[in-house]
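Asks: Encoded as structure tokens, here's the structure I'll be asking about.
Taken together, the values in this text are just the output of simple stated rules run on the coordinates, not laboratory data. All of these numbers come straight from a predicted model, not from anything done at the bench. Here the Cβ is made from the backbone with ideal geometry for all residues, glycine too, and neighbour counts use every protein chain on show.
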Amino acid sequence: MFVLWCQVRTAADLPDVRLHDLRHSYASVGVSRGYSLPIVAKLLGHSSVAMTERYSHLAATPVQLAANDIAAHIERALNREPALQLHA
């Protein structure tokens with residue numbers, strides 16, 4: 001397996017990338033695209049969500065978007081405006 005991976009890295013001009021790095025990227029992209037930690041955990045074969053939390057490094061942008069959305073939803077509720085539907 002290692003020899004094959006070395007060949008892939010060389011062909012892609014990514015000499016320092018490890019398979020483990022790809023798992024972290026996969027988890028981070030999944031979570032930032034809106035998939036829940038339990039779903040991403042299952043995809044990665046993790047038995048606990050805690051492990052997936054360590055894998056998924058959230059970028060500031062998705063976190064900020066979530067904070068803004070939640071705050072706007074609360075503001076609309078306080079003003080008795082209809083809630084906007086979230087489109088996945």
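Asks: Is there a residue in region 35-52 that is in contact with a Ser or Thr (Cβ under 9 Å, 6 or more places away or on another chain) and among the aromatic types (Phe, Trp, Tyr)?
Replies: No; the residues of region 35-52 include none that is in contact with a Ser or Thr (Cβ under 9 Å, 6 or more places away or on another chain) and among the aromatic types (Phe, Trp, Tyr).
Asks: Another question, if that's okay. What are the pairs, 6+ residues apart or on separate chains, where a residue within region 61-73 that is more than 16 Å from residue 28 (Cβ to Cβ) has its Cβ under 7 Å from a residue that is exposed (fewer than 12 other Cβ atoms within 10 Å of the Cβ)?
Replies: 73/83
Asks: Could you count how many residues in region 9-35 are in a helix (DSSP H, G or I) and among the aliphatic types (A, V, I, L, M)? Working first, answer last.
Replies: Let us first name the residues in region 9-35 that are in a helix (DSSP H, G or I), namely 9-11, 19-32.
Okay, now just the ones that are also among the aliphatic types (A, V, I, L, M), so 11, 19, 22, 27, 29, 31.
Residues that pass the stated criteria total 6.
Asks: To continue, here is another question. In region 36-60, which residue that is in contact (Cβ under 8 Å) with a residue 24 or more places away in the chain and assigned to a helix (DSSP H, G or I) is surrounded by the fewest Cβ atoms within 10 Å (Cβ to Cβ)?
Replies: 55
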